[in-house]
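S.K.: What follows is a single structure, and I will ask about it in a moment.
The values are calculated or read from the model by the stated rules, or taken from the named source; none is laboratory data. Here the structure is a predicted model, which is why all the values come from computation and not from measurement. No Cβ is skipped: glycine too gets one built from the backbone with ideal geometry, and neighbour counts run over all protein chains shown.
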Amino acid sequence: MLLSGGSAYGLAAADGVMRFLEERGYGLDVGVGRVPIVPAAVLFDLAVGSATRRPDAAMGYAACEAALTVPRRGRVGAGTGATVGKALGYERAMDSGLGTAAVRLPGGLIVAALMAVNAVGHVVDPETGQVLAGPKGKDGRPLDTLATNTTIGAVVTNARLNKAQANKIAAVAQDGLARVIRPAHTMYDGDTIFALATGELEAPVDVVGAFAAEVVAQAILDALP
């Protein structure tokens, strides 16, 4: 799975990921070889820095080589050019980035999320509705305006899920996005959340989904400076 900036250009990074996996024998067996399947989602950050500097295949390969067991957060990876509050233009936007969150339940179930937050509108406190990040007014504080947004990420669990169940978790995880980004899921949104499962233990799908939504919300908040 690949999360990247660079708008559609960022999809080129998936080629590097595929090459990395192919060299190590990973991929779908098609009889004449193995084809690595790399789902990918990108966010638009071309207005930050130079629009000609964007992820490519070499960067995708290098990212695989530099993979860590503990994810980094902030303005790294897909979050490098991420901002929130672009409704009034990039000059009024606030920095965001890559955020993470995880929960471990007593029975051993783990549900974690990694989110790159590139919202045009607001990030809010899910308990109070207070705007935490959004378009800045002349005084530098977030304004109370609404707009569209794009946020991408993934939920990962050690539960055993089939494809249909994983699709359900990905759908339910979007509830977490709606808790902290307003508005969410408009006709102009490109919000994408993948679901991955390592299949280590049995767990009720509804329990996994409930915590998936929660860690997505917390990961989005974690992406803020």
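S.K.: Quickly run through segment 198-209 and pick out the residues that are more than 11 Å from Leu109 (Cβ to Cβ) and of a type outside the set (D, E, K, R). Quick ask: steps written out before the conclusion?
M.R.: Step one: list which residues in segment 198-209 are more than 11 Å from Leu109 (Cβ to Cβ), which gives 198-199, 205-206, 209.
Hits for segment 198-209 are Thr198, Gly199, Val205, Gly209.
S.K.: Give the number of residues within segment 9-41 that are of a type in the set (Val, Ile, Thr) and over 23 Å from the mean Cα position of the chain (by Cα). First the steps, then the outcome.
M.R.: Within segment 9-41, the subset of a type in the set (Val, Ile, Thr) is 17, 30, 32, 35, 37-38.
Those still in the list that are over 23 Å from the mean Cα position of the chain (by Cα) too: 30, 32, 35.
Number satisfying all stated conditions: 3.
S.K.: Looking at Ala101, Ala14, can you tell me which residue is touching a strand residue (DSSP E or B) at 6+ places or on another chain (Cβ under 6 Å), of a type outside the set (D, E, K, R), crowded, with 19+ Cβ neighbours inside 10 Å and more than 27 Å from Val124 (Cα to Cα)?
M.R.: On the way: Ala101 fails: more than 27 Å from Val124 (Cα to Cα).
Result: Ala14 is the single residue among Ala101, Ala14 that is touching a strand residue (DSSP E or B) at 6+ places or on another chain (Cβ under 6 Å), of a type outside the set (D, E, K, R), crowded, with 19+ Cβ neighbours inside 10 Å and more than 27 Å from Val124 (Cα to Cα).
S.K.: Can you tell me which residue within segment 171-190, out of those that are modelled with pLDDT of 95 or more and either not β-branched (Val, Ile, Thr) or not in a helix (DSSP H, G or I) (or both), is surrounded by the fewest Cβ atoms within 10 Å (Cβ to Cβ)?
M.R.: Taking segment 171-190 and keeping what is modelled with pLDDT of 95 or more, we get 171-176.
Subsequent filtering for residues that are either not β-branched (Val, Ile, Thr) or not in a helix (DSSP H, G or I) (or both) retains 171, 173-176.
Working: Ala171: 13, Ala173: 27, Gln174: 18, Asp175: 16, Gly176: 28.
Across segment 171-190, the extreme among qualifying residues is Ala171.
S.K.: Which number in (1) crowded, with 20+ Cβ neighbours inside 10 Å; (2) at pLDDT 95 or above marks the one condition that Asn158 misses?
M.R.: Among (1) crowded, with 20+ Cβ neighbours inside 10 Å; (2) at pLDDT 95 or above, Asn158 violates only (1).
S.K.: With the structure loaded, tell me whether Asp29 is charged (D, E, K, R), farther than 27 Å from Ala112 by Cβ and exposed (fewer than 15 other Cβ atoms within 10 Å of the Cβ) or whether it fails that test.
M.R.: Yes, satisfied.
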